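Reading through the structure tokens given below for one structure.
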Amino acid sequence: MVTFLILVCSLLFIVCFILCSGMVKTNRQLDTICDVLADVKDGNLNRRILAQKAGKIREICYGINEIVEIMQNRIIEQKISEQSYKRLMTGLSHDVKTPLASLIGYLEAIDGRMVKEEKRDRYVNIALMKAIQLKDFTNALFEWVKLDAKEKVFHFQKLDIVELTRTIILDWLNVFEKKEITYEFQIPETECSMFLDKISYERIINNLFQNIVVHSDADKMKLDMEISDEKVCIDITDWGTGIEEGKLPFIFERLYRCDEARAMEGNGLGLAIVKELLAAHHASIYVESMEGEFTRFKIVFFKNSNKQLQNE
């Protein structure tokens, strides 16, 4: 009987010891969690909790680490966004102030009769051109801001992308001829229905054509459309000045200009708008170029996006 009681007491002692040890370890882990949370609250988002045991405590540690990492990434994204908008405002200050000052200068010269009568019409035409440039820049800026803020409303409808592309091209033939740019268009004869926002698609092609006319110094351009079961590919190529290899990664950034000498001929938003409009269509755009040889933009519309766009 005595032996049995001693055995029971020993077992109880072992159980109590194990439970106490577990509680001590758990308390230490909880103390660590509290320390980390206090550190995170004070702004140190680099702290992480090292889970020392399995079970609910480990799940809690992993959950806290994941939340802290999400917070850290969001703060980084916010800082990048703030820096980006600071650069945007700096660029806008220059892009608006320069043509505006020039416009005012020409108008003051005309109003103050500082120009001879034979030069008056020329000054008026230059002032008008500056005003149009400023208007185009303002319109492009507002469009980009709406796109960036996800506030632009799209109206996707089933359209024949082949016929729509032909219609856009017709409006540009006279422009290409005036600029002495020879052109070639290879477009299938078959109909191809895609869900598109008509105005956005027109803007995409128009911006790419405008980029050729204003920036490329090209003497030849080509549009090639290929249709397969999965996608529609549109290649727009110009044989002109090309783009430096080091500048290619940045050409879709807002207000970026490859040629600062021609800063007043464009607004630096055309390709950024193209990329955003294509993203809204779940489409992609790629660019390849060889300086002094050619530049080619490849647009890819995926047919499996039609059903998704139909519901948007």
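Quick notes on this structure:
- Surface/4 of the Cα convex hull for the stretch 156-310, nm²: 8.7
- Stretch gain in nm, segment K119-E180, where the contour uses 0.36 nm per residue and the Cα spacing is subtracted: 19.1 nm
- Whole-Å semi-axes of the ellipsoid equivalent to the stretch 112-207 (Cα gyration tensor, √5λ, descending): 37, 22, 8
- Computed from the C-beta positions of D111 and N139 and an R0 of 35 Å, the FRET efficiency is 0.85 to the nearest 0.05.
- Computed 3J(HN,Hα) for the stretch 205-215, one whole-Hz value per residue from the Karplus formula 6.51 cos²θ - 1.76 cosθ + 1.60 where θ = phi - 60°, is 5, 4, 5, 5, 5, 4, 4, 5, 5, 8, 10, glycine and proline marked x.
- 3J(HN,Hα) along the stretch 154-165: 9, 10, 7, 9, 6, 10, 7, 5, 5, 5, 5, 5 Hz, from the Karplus curve 6.51 cos²θ - 1.76 cosθ + 1.60 with θ = phi - 60°, whole Hz, x for Gly and Pro.
- Residues with amide H under 5 Å from that of C192, placed H, sequence gap 5 or more: I161, V162, E163
- Here the calculated FRET efficiency for I104 and V153, from their Cβ-Cβ distance with R0 = 30 Å, stands at 0.25, rounded to the nearest 0.05.
Quick note: the coordinates plus some simple rules give every number you see, no bench work behind them. None of the values given here were measured: they were computed from a predicted structure. Counting neighbours? That spans all protein chains shown, and the Cβs are built from the backbone with ideal geometry, glycine included.
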